[in-house]
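Notes follow once the structure below has been shown.
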Amino acid sequence: MLQKGRPHVSELTGLAIFLFVLAALLVLMACVKADRVRSWREVLNPSAPDLPDAAFVVGRAVLILMAAVCVVVGFQGLAVQDDGEWSDDELTSAVEGATQALDGSFTYGDPLKDGAPADFDGEYARKVEQEVVEHGGGDAPQMGVAATSVGPAMSDQGEYRITADGADAVFCMDVKRTHDGYIETVAPGLSGDAAAVMLPKYTFAVSSRPGDC
């Protein structure tokens with residue numbers, strides 16, 4: 001899941017930049033000499049009492065501490081953003097893993113709805129998203145994947161445009177469902193011939209490729 005790069009700056013990135021700038025300003029304030037501060041106070045308020053040197057030491061310590069807090073919080077915000085966004089490499093690996101897992105998979109249908117169209121827009125789309133997330137690896141986010149059904153609706157064939165938050169890459173996944181016979185099972189609470197139920201078996205052939213569908 002190729003998509004044009006996002007030109008906007010995320011809220012967390014913007015907040016981190018603001019905190020880094022604020023930290024730099026606080027450090028600059030801490031570097032201002034005491035004599036200069038005294039001269040400014042004298043111009044603004046000549047009758048104000050003089051500040052002792054200890055007040056400047058405490059003030060500088062507070063400003064440096066506040067700057068350090070801003071830097072720490074800024075880096076934490078960037079780390080949270082990184083954990084919540086997919087990279088192109090993570091998405092590529094996840095889609096490849098999901099494709100391998102889904103290809104050749106099968107399911108059993110409702111015997112009363114044998115041959116009913118597959119729910120490619122709903123149930124199977126969610127299954128694709130779940131498989132991609134599960135194959136993202138330990139560093140990849142556990143959300144943010146979208147499998148959007150594209151093309152005309154068909155009973156046994158679907159196509160998905162796969163994207164993920166933070167990634168510029170886009171993938172196209174093709175899914176074909178084949179009616180692969182029946183499996184006999186026993187209906188609960190019944191016995192004899194009446195208990196035999198034939199469940200339709202459906203097998204899925206799945207492939208994917210980079211780029212839009």
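The values are calculated or read from the model by the stated rules, or taken from the named source; none is laboratory data. All values reported here derive from a predicted model rather than from experimental measurement. Note that we place each Cβ from the backbone using ideal geometry, even for glycine, and neighbour counts take in every protein chain shown.
Residues in region 107-154 that are part of a loop (DSSP other than H, G, I, E, B) and within 17 Å of Thr178 (Cα to Cα): Gly109, Asp110, Asp114, Gly115, Ala116, Pro117, Ala118, Asp119, Phe120, Ala153, Met154.
Screening Arg209 on (1) under 28 Å from Arg126 (Cα atoms); (2) in a strand (DSSP E or B); (3) modelled with pLDDT under 95 shows it passes everything except condition (3). Consider region 137-163 and keep the residues that are over 19 Å from Ala205 (Cβ atoms), of a type in the set (A, V, I, L, M, F, W, C) and at pLDDT 90 or above. The one that is surrounded by the fewest Cβ atoms within 10 Å (Cβ to Cβ) is Ala146. Of all residues in region 164-176, those satisfying the criterion of being crowded, with 19+ Cβ neighbours inside 10 Å, out of contact with any Pro (no Cβ under 9 Å at 6 or more places or on another chain) and in a strand (DSSP E or B) are Met173, Val175. Close Cβ contacts (under 6 Å, 6 or more residues apart or on different chains) running from residues in region 173-184 that are closer than 21 Å to Ser208 by Cα to residues that are of a type in the set (D, E, K, R) comprise Asp174/Glu159; Arg177/Asp156. Here Ser47 qualifies as on the phi < 0 side of the Ramachandran plot, out of contact with any Gly (no Cβ under 6 Å at 6 or more places or on another chain) and not in a helix (DSSP H, G or I). Total residues in region 107-136 satisfying the condition of being within 13 Å of Asp156 (Cα to Cα) and loosely packed, with under 15 Cβ neighbours inside 10 Å: the figure is 6. Pairing residues of region 44-69 that are of a type in the set (Asp, Glu) with residues that are in a helix (DSSP H, G or I), at Cβ distances under 8 Å and at least 6 apart in sequence or on separate chains, gives Asp50/Arg38; Asp53/Ala34. Of note, Lys201 does not satisfy the criterion of being modelled with pLDDT under 90 and of a type in the set (Lys, Arg).
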